[in-house]
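Visitor: Take this structure first; my questions come after.
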Amino acid sequence: MVQEQKNERKKTILSGIQSSGDITVGHYAGAIRNWAALQHQYECFFMTADLHALTVRQEPVALRKRTLDVIAMYIACGIDPESSVLFVQSHVSAHAELAWILNCFTGVGECSRMTQFKEKSQQHNENVNVGLFAYPILMAADILLYQADLVPVGDDQKQHIELTRNLAERFNFHYSPTFTVPEPFIPPVGARIMSLQEPTKKMSKSDENQKNVIFLSDSDDVIAGKIRRAVTDSGTEISYSVEKRPGISNLITLYGVATGMSFAAIEEAFSGKTYSEFKSGTADAVINLIAPIRGRFTQLRSEPGELESLMKTGAEAAAARARRTLSKVYKKVGLTERPR
Ligand code: ATP
Ligand code: LTN
């Protein structure tokens, strides 16, 4: 009973990753490892954003498979399915329903200003659809449905959380307090892992050039090869400076994420060493991080029944929480009660 009361007072986290590609070390650094670190202090909801993935063309069979892969990867990275709710966004219809209501509270100008929209509409200029435009509104619905206090994400999602906060405040002001206004949690290290070949660009799972990206499913040899061939800078010094040495700085960040060492300690450990020695040290560190994750992932994916039952429990728990918020919202905006 005492335990129950304590749990009730826990604050809430919601976060997610789109199932638009395989999970990368960037997702691990910017998002998943922080979820794992925070999971026992908060009541947590972690989802696969499969509806968001539809904003760019997906191959249906691959999308279905990746949606399960993402959930399995969360667990392989240390998310405890016993204490966190893991679910698939499309399994909880309240997400799409709240998104519609929030659409009607969002200015076209607000969505046009979103950096991700501008970038993605250039990248996919053959298919600039309304879903891509309204993407951050669905993300706001994801967060607000669970009354999340904290949203742990990488640096690129800051602007979307700012929009979510504005929408929550707007709705609360127009009607009465309804939504918790969430805070972003952006980690001090690893909030933006950069591409290996173009270290001024974010490492992205949908990058056409696979050499840019380390996937958590990559084999040891593939990881070592990608790091060996990573672009470094003209120079010899192993010291962190994003402006002067973006390539080396990205590898220092990866080394720090993989080992937990501070930048100063890494610089000291490699002082006087060559770039090639540093790269092989970084490859070892990243392999030590990823190999056990990959092992657990393979094991989990070989037991589809378990994942499916977990998704069912997750969807039920998430839907129950989401329904409470959605009912309040429907009532406040003036929709008639559904006849029972
Ligand atoms: P895409 O690459 O397909 O455009 P994405 O990988 O940027 O998409 P998501 O998969 O939805 O987008 O990202 C999920 C989470 O992982 C977000 O919190 C995002 O900020 C974080 N993330 C993604 N890439 C990186 C990265 N390179 N460094 C740090 N965090 C990242
Ligand atoms: N838009 C996010 C993925 C995402 C998300 C969310 C993150 C969808 N819904 C809710 C946090 C909370 C992205 O990283 N591209």
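Visitor: Given R₀ = 30 Å, what would the calculated FRET efficiency be for GLU268 paired with LYS201, taking r from the Cβ atoms and rounding to 0.05?
Guide: E(calc), rounded to 0.05, equals 0.55.
Visitor: Then there's this: Quick one: among TYR28, TYR240, TYR74, which has the greatest mean-square fluctuation in a GNM of the chain with alpha-carbon springs under 10 angstrom?
Guide: Highest fluctuation among the options: TYR240.
Visitor: May I pose another question? Computed over the Cα atoms, what is the radius of gyration of the range 163-318 divided by 2.2 N^0.38 Å, N being its residue count?
Guide: Ratio of Rg to 2.2 N^0.38 Å for the range 163-318: 1.35.
Visitor: From a point 7 Å beyond the Cα of GLU183 in the direction of its Cβ, which residues of the range 143-168 have a backbone N at a distance under 11 Å?
Guide: Answer for this model: 149-151.
Visitor: What is the packing order of peptides 90-98, 37-45, taking the mean over residues of other C-beta atoms within 10 Å and listing the highest first?
Guide: On the way: 90-98: 19.4, 37-45: 17.9.
Sorting 90-98, 37-45 by mean packing, highest first, produces 90-98, 37-45.
Visitor: To continue, here is another question. Leaving out ligands, DNA and RNA, and with a 1.4 Å probe, what % of the accessible surface on the range 118-232 is carbon or sulfur? Don't jump to the answer; show the numbers that get you there.
Guide: Values: 2630 of 5280 Å².
Its accessible area is 50 percent carbon and sulfur atoms.
Visitor: I've got another one for you. Given a 1.4 angstrom probe, what's the average accessible area per residue across the range 183-223, in square angstrom?
Guide: Numbers: 2040 Å² over 41 residues.
That works out to 50 Å² per residue.
Visitor: Kirkwood hydrodynamic radius for the range 1-140: how many Å is it when counted over pairs of different Cα atoms? Before the final figure, lay out each step's value.
Guide: Values: mean 1/r = 0.0606 Å⁻¹.
About 16.5 Å for the range 1-140.
Visitor: Would you mind telling me which residue in THR200, THR232, THR180 has the biggest mean-square fluctuation in a Gaussian network model of the chain, where springs connect alpha carbons within a distance under 10 angstrom?
Guide: In this elastic network of the chain, the residue with the biggest mean-square fluctuation among THR200, THR232, THR180 is THR200.
Visitor: If you don't mind, there's one more thing I want to ask. List the pairs from LYS118/LYS211; LYS11/LYS211; LYS118/LYS226; LYS120/LYS332; LYS11/LYS332; LYS118/LYS273 whose alpha-carbon separation is above 31 Å, in the order I gave them.
Guide: Pairs exceeding the cut-off: LYS11/LYS211; LYS120/LYS332; LYS118/LYS273.
Visitor: Another one. Which of the lysines could a cross-linker bridge to LYS331, judged by Cα under 24 Å and excluding same-chain residues fewer than eight apart?
Guide: Reachable lysines: none.
Visitor: In addition: What are the extents of the Cα atoms of the chain along their three principal axes, listed from largest to smallest and rounded to whole Å?
Guide: Principal extents (Cα only, largest first): 72, 47, 40 Å.
Visitor: Can you bin every Cα-Cα distance in the range 30-86 into 10 Å intervals starting at zero and give me the percent of pairs per bin, rounded to whole numbers?
Guide: In order of increasing distance, the bins hold 22, 47, 26, 5 percent.
Visitor: Any idea what angle helix 130-145 forms with the longest principal axis of the chain, computed on alpha-carbon atoms, 0 to 90 degrees, nearest 10?
Guide: Tilt of helix 130-145: around 70 degrees.
Visitor: State log₁₀ I(q)/I(0) for the range 166-227 at q = 0.15, 0.27 Å⁻¹ as given by the Debye formula over alpha-carbon point scatterers of equal weight, solvent excluded.
Guide: Log10 of I(q)/I(0), two decimals: -0.62, -1.10.
Visitor: Per the 1.4 Å probe, what fraction of the accessible area of the range 247-340, in percent, lies on carbon and sulfur atoms? Intermediate values should be presented prior to the final figure.
Guide: Numbers: 2780 of 5140 Å².
Solvent-exposed carbon and sulfur of the range 247-340 make up 54 percent of the total.
Visitor: Something else now. So what is the diffusion coefficient of the range 199-291 in µm² per second by Stokes-Einstein at 4 °C and 1.567 mPa s, using a Kirkwood Rh over Cα pairs?
Guide: Stokes-Einstein gives a translational diffusion coefficient of 97 µm²/s.
The values are calculated or read from the model by the stated rules, or taken from the named source; none is laboratory data. Only a predicted model underlies this, so the values are computations on that prediction, with no experimental measurement involved. No Cβ is skipped: glycine too gets one built from the backbone with ideal geometry, and neighbour counts run over all protein chains shown. The area values use the complete protein model at the heavy-atom level, side chains included, leaving out ligands, DNA and RNA. Shrake-Rupley method; radii C 1.70, N 1.55, O 1.52, S 1.80 Å.
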